[in-house]
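Novice: Before I ask anything, here is the structure I am working with.
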Amino acid sequence: MNPRVTLAVAARVLSQLRRDHRTLAMLLVLPTLLMTLLWWMFEEAPGAVFDSIGPSLLAIFPFFIMFLVTSVTTLRERSSGTLERLLAMPMGKLDFLFGYALAFGLMAAAQSAIAVGVCVGLLDLDVTGPVWLLMVVAVADAVLGSALGLFVSAFAQTEFQAVQFMPAVIVPQILLCGLFVPRERLPDVLEAISDVLPLSYAVDAMQSLVGSSSTGEAWADLGVIAIFTVAALAFGAATLRRRTA
Amino acid sequence: MMNNAVEIAGLTVVRGGRPVLDGLDLAIGGGVTGLLGPSGCGKTTLMRCLVGVQQITSGRLVVLGQDAGSAPLRDRVGYHTQAASVYDDLTVRENLTFFARVRGLDRAAVDRAVTAVDLERHADQVVRNLSGGERSRASLAVALLGDPDLLVLDEPTVGLDPVLRQQLWQLFHRLADAGTAVFVSSHVMDEADRCDRLLLMRDGALIADGSPDEIRARTGSRDIETAFLAIVGGDAA
């Protein structure tokens with residue numbers, strides 16, 4: 001690990017994003033727009049539906065947007081030859097991965113701050129627990145999406161294939177995360193599966209923060225998310241090979 | 001044979017069950033060494049072996065006195081991949097600045113590399129908007145960063161206009177005169193005469209090795225293309 005190289009990678013990724021206005025807009029405002037759409041859908045419906053499903057979606061949107069953007073971006077790096085060139089230079093694999101994680105983590109922080117700010121400030125999402133912790137969960141969750149995206153990009157040959165990982169890797173997590181059926185009411189096998197899917201913990205954390213003022217559960221969930229993130233980065237490093245066939 | 005930049009013994013690379021390089025022995029010293037052969041003959045694989053990004057089946061490669069691909073070499077070997085390996089959405093200068101930071105080099109190194117490939121006028125243009133030749137030169141500039149001791153250049157002059165090609169070959173010779181071992185591949189036979197030493201390659205094996213004049217004289221040919229054909233024909237007979 002070399003901080004100079006890690007920072008160089010992060011700065012370079014950010015300056016690439018700066019040029020790509022569409023991706024930048026998607027990263028920064030899309031989750032907020034989707035949350036606003038959700039709020040609007042239920043505005044005239046009886047009961048506090050937005051309050052009950054809003055927190056789950058506040059976890060899901062950043063997760064899957066960061067997954068998508070990261071997997072395609074890193075795949076482009078693998079296929080353009082720039083990764084091979086970097087690996088022939090004095091660059092550690094972890095420098096590369098942490099550089100990406102840092103850049104996308106910063107983007108995720110901005111994205112989550114906007115989304116949580118709008119939901120709580122303008123859309124009247126009721127949050128019992130501390131709002132800043134909700135934001136921390138959203139950032140951790142987005143970084144997790146990035147880390148998984150980095151990992152799966154190793155298994156795609158083309159950007160077309162990378163996009164296909166979304167329905168395969170992300171949609172099952174959305175189905176089983178407790179949004180549609182509370183996890184404890186899922187059939188036993190599915191509950192067990194949902195226990196090993198990272199998005200479940202992000203959604204659990206969001207729901208517990210919205211519903212209660214105690215933060216212990218959210219911190220525990222955050223710990224699990226952090227473990228998944230580190231594991232995804234470690235597996236991602238294992239898929240970066242200096243020597244290829 | 002003590003001061004060779006590259007020493008290769010019994011290098012074999014098998015890919016998809018087929019040997020791409022088969023027991024290759026080679027030593028490369030100073031000057032500009034050209035690797036010529038048709039597309040698909042194993043040039044790129046050999047170059048990838050030298051910079052340590054190719055999986056090797058067997059054999060030994062020593063580069064600048066160290067095992068090829070070992071960590072200390074990553075600062076001393078410049079590598080130009082066949083396809084331009086730069087970021088399309090950054091300017092030439094931003095690309096070079098990034099790679100320079102990875103290498104721990106300063107701004108002056110970036111300026112020298114930009115000047116060497118004659119891209120000063122385009123330095124602040126986004127690479128995507130450059131022509132193929134300009135992109136290729138931007139990629140070459142990355143390989144030149146930090147004055148490497150060995151330059152491994154995979155078809156660096158493809159698609160460039162004759163004036164620019166001549167300038168680049170002059171640059172390679174200047175670098176060689178300053179002590180860099182330059183190893184250049186090409187599939188264009190008319191570039192052969194610009195090399196101090198020529199290696200002809202076909203089907204993963206070296207079929208000729210010598211100065212352009214020696215190779216022509218040996219085969220009684222007027223140009224390297226005819227010499228290549230004569231050597232291949234002689235092998236078949």
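Novice: Could you say which residue among B:E134, B:E120 is more than 14 Å from chain A (Cβ to nearest Cβ) and in contact (Cβ under 8 Å) with a residue 12 or more places away in the chain?
Specialist: Values: B:E120 fails: in contact (Cβ under 8 Å) with a residue 12 or more places away in the chain.
Unique residue meeting the criteria: B:E134.
Novice: Also: Taking the stretch B:70-97, which residues are part of a helix (DSSP H, G or I) and either closer than 12 Å to A:M91 by Cα or under 17 Å from the mean Cα position of the chain (by Cα) (or both)? Write out each step before concluding.
Specialist: To start, the set of residues in the stretch B:70-97 that are part of a helix (DSSP H, G or I) comprises B:71-75, B:92-97.
If the condition is that a residue be part of a helix (DSSP H, G or I) and either closer than 12 Å to A:M91 by Cα or under 17 Å from the mean Cα position of the chain (by Cα) (or both), then B:A71, B:P72, B:L73, B:R74, B:D75 are the ones that fit.
Novice: Now, a different point. Does B:R137 fit the bill of being part of a helix (DSSP H, G or I) and surrounded by fewer than 22 Cβ atoms within 10 Å (Cβ to Cβ)? Talk me through it step by step, then tell me what you get.
Specialist: Numbers: part of a helix (DSSP H, G or I): yes; surrounded by fewer than 22 Cβ atoms within 10 Å (Cβ to Cβ): no.
When the stated conditions are applied, B:R137 does not pass them.
Novice: Could you tell me whether the stretch B:16-26 includes any residue that is under 24 Å from B:D190 (Cα atoms) and surrounded by fewer than 22 Cβ atoms within 10 Å (Cβ to Cβ)? So that I can check it myself, show each step before the final result.
Specialist: First, pick out the residues of the stretch B:16-26 that are under 24 Å from B:D190 (Cα atoms): B:26.
Narrowing further to those that are surrounded by fewer than 22 Cβ atoms within 10 Å (Cβ to Cβ): B:26.
Within the stretch B:16-26 (the criterion being under 24 Å from B:D190 (Cα atoms) and surrounded by fewer than 22 Cβ atoms within 10 Å (Cβ to Cβ)), the answer is yes, since at least one residue qualifies.
Novice: Still on this structure: State all residues of the stretch A:66-106 that are of a type in the set (G, A, S), more than 18 Å from B:H80 (Cα to Cα) and within 14 Å of chain B (Cβ to nearest Cβ); if no residue qualifies, say none.
Specialist: A:G92, A:G99, A:A103
Novice: Let me ask another. Can you name the number of the only condition in (1) buried (at least 22 other Cβ atoms within 10 Å of the Cβ); (2) of a type in the set (G, A, S); (3) within 10 Å of chain A (Cβ to nearest Cβ) that B:G37 fails?
Specialist: (3) is the only condition that B:G37 fails.
Novice: Now for a different question. Do we find a residue being part of a helix (DSSP H, G or I), within 17 Å of the chain's Cα centre (by Cα) and surrounded by fewer than 21 Cβ atoms within 10 Å (Cβ to Cβ) anywhere in the stretch B:115-122?
Specialist: yes
Novice: So, one more: Filter the stretch A:214-244 down to the residues that are of a type in the set (S, T, N, Q) and in a helix (DSSP H, G or I), then identify the one that is farthest from the other protein chains (Cβ to nearest Cβ). Spell out the reasoning first.
Specialist: If we filter the stretch A:214-244 for residues that are of a type in the set (S, T, N, Q), which is where we start, we get A:214-215, A:229, A:239, A:244.
Cutting the leftovers down to in a helix (DSSP H, G or I) gives us A:229, A:239.
Working: A:T229: 24, A:T239: 15 Å.
For the stretch A:214-244, the residue satisfying everything is A:T229.
Novice: If A:M1 meets every condition in (1) buried (at least 16 other Cβ atoms within 10 Å of the Cβ); (2) within 30 Å of B:L96 (Cβ to Cβ); (3) modelled with pLDDT under 90; (4) not charged (D, E, K, R) apart from one, which number is that one?
Specialist: With (1) buried (at least 16 other Cβ atoms within 10 Å of the Cβ); (2) within 30 Å of B:L96 (Cβ to Cβ); (3) modelled with pLDDT under 90; (4) not charged (D, E, K, R) applied to A:M1, the lone miss is (1).
Novice: For the stretch B:88-102, which positions are in contact (Cβ under 8 Å) with a residue 24 or more places away in the chain and either surrounded by 20 or more Cβ atoms within 10 Å (Cβ to Cβ) or more than 14 Å from chain A (Cβ to nearest Cβ) (or both)? Explain how you work it out, then say what you get.
Specialist: Step one: of the stretch B:88-102, the residues in contact (Cβ under 8 Å) with a residue 24 or more places away in the chain are B:88-93, B:95-96, B:99-100.
Scanning the stretch B:88-102 gives B:L90, B:T91, B:V92, B:R93, B:N95, B:L96, B:F99, B:A100.
Novice: Related question: Can you give me the number of residues within the stretch B:113-137 that are over 24 Å from B:D193 (Cα atoms), among the hydrophobic types (A, V, I, L, M, F, W, C) and out of contact with any strand residue (DSSP E or B) (no Cβ under 9 Å at 6 or more places or on another chain)?
Specialist: The total comes to 4.
Novice: Same structure again: Please determine, by comparing only the residues of the stretch A:12-59 that are small (G, A, S) and closer than 27 Å to A:V137 by Cβ, which one is nearest to the other protein chains (Cβ to nearest Cβ). I'd like the intermediate steps shown before the answer.
Specialist: From the stretch A:12-59, those small (G, A, S) are A:15, A:25, A:45, A:47-48, A:52, A:54, A:56, A:59; that's our starting set.
Narrowing further to those that are closer than 27 Å to A:V137 by Cβ: A:25, A:45, A:47-48, A:52, A:54, A:56, A:59.
Working: A:A25: 16, A:A45: 44, A:G47: 47, A:A48: 44, A:S52: 42, A:G54: 35, A:S56: 35, A:A59: 30 Å.
Among those that are small (G, A, S) and closer than 27 Å to A:V137 by Cβ, it is A:A25.
Novice: Could you tell me whether B:R128 is of a type in the set (D, E, K, R), within 14 Å of chain A (Cβ to nearest Cβ) and under 27 Å from B:L24 (Cβ atoms)?
Specialist: No, not satisfied.
Novice: Then there's this: If I ask for residues that are closer than 15 Å to A:A226 by Cα, free of Cβ contacts under 8 Å to residues at least 60 places away in the same chain and either among the aliphatic types (A, V, I, L, M) or touching a Cys at 6+ places or on another chain (Cβ under 8 Å) (or both), which ones from the stretch A:185-200 would you list?
Specialist: A:V196, A:L197, A:S200
Novice: Which members of the stretch B:45-60 meet the condition of being buried (at least 22 other Cβ atoms within 10 Å of the Cβ) and either more than 9 Å from chain A (Cβ to nearest Cβ) or among the basic types (K, R) (or both)?
Specialist: Here is the first cut: in the stretch B:45-60, the ones buried (at least 22 other Cβ atoms within 10 Å of the Cβ) are B:46-52, B:54.
Result: B:L46, B:M47, B:R48, B:C49, B:L50.
Novice: How about the stretch B:39-85: which of its residues are hydroxyl-bearing (S, T, Y) and more than 24 Å from B:A205 (Cβ to Cβ)?
Specialist: First, pick out the residues of the stretch B:39-85 that are hydroxyl-bearing (S, T, Y): B:39, B:44-45, B:57-58, B:70, B:79, B:81, B:85.
Scanning the stretch B:39-85 gives B:S70, B:S85.
Novice: Sticking with this structure for a sec: Considering only residues that are under 16 Å from B:H80 (Cβ atoms) and touching a residue at least 40 places away in the same chain (Cβ under 8 Å), which ones fall in the stretch B:50-62?
Specialist: Within the stretch B:50-62, the first condition is being under 16 Å from B:H80 (Cβ atoms), and the residues that meet it are B:50-54.
Result: B:L50, B:V51, B:Q54.
Novice: Now a separate question. Enumerate the pairs (first residue in the stretch B:216-236 and within 11 Å of B:L200 (Cα to Cα); second residue anywhere and at pLDDT 85 or above and exposed (fewer than 14 other Cβ atoms within 10 Å of the Cβ)) with beta-carbon separation below 6 Å, excluding pairs fewer than 6 apart on the same chain, so at least 6 apart or on different chains.
Specialist: Correct list of pairs: empty, since none qualify.
Novice: Sticking with this structure for a sec: Of everything in the stretch B:166-190, what is over 22 Å from B:I8 (Cα atoms) and either hydrophobic (A, V, I, L, M, F, W, C) or surrounded by 20 or more Cβ atoms within 10 Å (Cβ to Cβ) (or both)? Give them in sequence order.
Specialist: B:L168, B:W169, B:L171, B:F172, B:L175, B:A178, B:V188, B:M189
Novice: Kindly provide the set of residues from the stretch B:67-85 that are of a type in the set (S, T, N, Q) and either at the interface with another protein chain (Cβ under 10 Å from one of its Cβ atoms) or surrounded by 15 or more Cβ atoms within 10 Å (Cβ to Cβ) (or both), ordered by number.
Specialist: Pass one, the stretch B:67-85, residues of a type in the set (S, T, N, Q): B:70, B:81-82, B:85.
Those that are of a type in the set (S, T, N, Q) and either at the interface with another protein chain (Cβ under 10 Å from one of its Cβ atoms) or surrounded by 15 or more Cβ atoms within 10 Å (Cβ to Cβ) (or both): B:T81, B:Q82, B:S85.
Novice: Name the residue that is surrounded by the fewest Cβ atoms within 10 Å (Cβ to Cβ), counting only residues in the stretch A:209-245 that are more than 28 Å from A:M1 (Cα to Cα) and among the β-branched types (V, I, T).
Specialist: Here the answer is A:T215.
Novice: Can we say B:D154 is within 15 Å of B:S85 (Cα to Cα), in contact with a strand residue (DSSP E or B) (Cβ under 6 Å, 6 or more places away or on another chain), at pLDDT 90 or above and of a type in the set (D, E)?
Specialist: Numbers: within 15 Å of B:S85 (Cα to Cα): yes; in contact with a strand residue (DSSP E or B) (Cβ under 6 Å, 6 or more places away or on another chain): yes; at pLDDT 90 or above: yes; of a type in the set (D, E): yes.
Against the criterion (within 15 Å of B:S85 (Cα to Cα), in contact with a strand residue (DSSP E or B) (Cβ under 6 Å, 6 or more places away or on another chain), at pLDDT 90 or above and of a type in the set (D, E)), B:D154 qualifies.
Novice: State the number of residues belonging to the stretch B:132-163 that are in contact with a Gly (Cβ under 9 Å, 6 or more places away or on another chain) and over 22 Å from B:T44 (Cβ atoms).
Specialist: 3
The values are calculated or read from the model by the stated rules, or taken from the named source; none is laboratory data. As the structure is a prediction and not an experimental result, all values here were calculated from the model. Positions of Cβ are generated from backbone atoms using ideal geometry, with glycine treated the same way; all protein chains shown enter the neighbour counts.
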